[in-house]
Amino acid sequence: MWPQGFSLEAYKTLFANSDTLNGFYVSVSRSVIGTAATMFVSCMAAYAITKGNVPGVRFARKFFVFTMYFGGGLVPYYIVVKSLGLVGTFLVYIIPALVSVFGVIIIRAFIESLPPALEESAMIDGANEIVIFWKILFPMCMPIVAAISMFTFVGQWNSFFDTMLFNFMNRELYTLQFYLYMILTSKAVSLQDAQEMGKAVTTNSQTITMAVTVITILPILIIFPFIQRYFRSGLLIGAIKA
């Protein structure tokens, strides 16, 4: 039950290295900012497509669903991102993921299940669309918003492929998950060899791998208990309403 030769040297080595700390900072930043930005845009989009009297809303609904089944592929995606000037920047983690189609559809279904009298009474009192959504509807959507936020946060936190694809030449924007990926794919067994090869920092490949793995799952383990109530109820509501 108790490991022989218990040691925290692997964690000390990781946190003593500036690359690991920078990777942790980048991962936290992209997860927090990316989740907040994605939920803001997705919630607004979900509310917009609930308005059947808005010109083009039916086309927008079909277009959202279309993107879930068909994509342009990796090469066109890279060309679009590069043409926007996002390659080698932190914004490449945020802007391409601003809209979660899955989240938009689920939030839209939840909003449509709310009594229309709520909006009508607010309009009578002089409230505009922005006030109606953020002051009245959004607080009522917290269960489903928390569930989608959890999915988005985990997706941002665990992502490493976009780092490898767009920011491989910019070491300052490496995420912690990308360092873990490099450890798992690297043959380096020493700190010096790893730095020279541009790979993740290792003193002992197995212990460092396990230490980084623990560090990468800690934020999820810490956050999940606080939103578990919303997460469970949101999943149930989304499954029923959608």
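The numbers here are math on the coordinates, done by the rules we state, and not lab data. If you're wondering where the values come from, they're calculated on a predicted model, not measured in any experiment. Note that we place each Cβ from the backbone using ideal geometry, even for glycine, and neighbour counts take in every protein chain shown.
Observations on the structure shown:
- Between the range 1-59 and the range 98-131, the alpha-carbon center distance in angstrom: 26
- Convex hull volume of the range 39-96 per residue (C-alpha atoms, cubic angstrom): 106
- Each Lys and Arg Cβ is given +1 and each Asp and Glu Cβ -1; about its Cα centre, the range 1-123 then shows a dipole of about 360 debye.
- The phi-based Karplus calculation (6.51 cos²θ - 1.76 cosθ + 1.60; θ = phi - 60°) puts the 3J(HN,Hα) values of the range 73-78 at x, 5, 5, x, 4, 5 Hz, whole numbers, x for Gly and Pro.
- Its Kirkwood hydrodynamic radius, worked out from the mean inverse distance over all distinct Cα pairs, puts the range 1-155 at 18.7 Å.
- Paramagnetic label reach from V101 (point 7 Å along Cα→Cβ; backbone nitrogen cut-off under 12 Å): within the range 51-70, residues 61-70.
- Exposure proxy shown here: for S31, S83, the number of other Cβ atoms within 10 Å sets the order, fewest to most, as S83, S31.
- In terms of the mean number of neighbouring beta-carbon atoms within 10 Å, the peptides 141-150, 216-225, 85-94 order highest first as 141-150, 85-94, 216-225.
- Highest mean packing first, where packing is the average number of other Cβ atoms within 10 Å per residue, the peptides 158-168, 120-130 line up as 158-168, 120-130.
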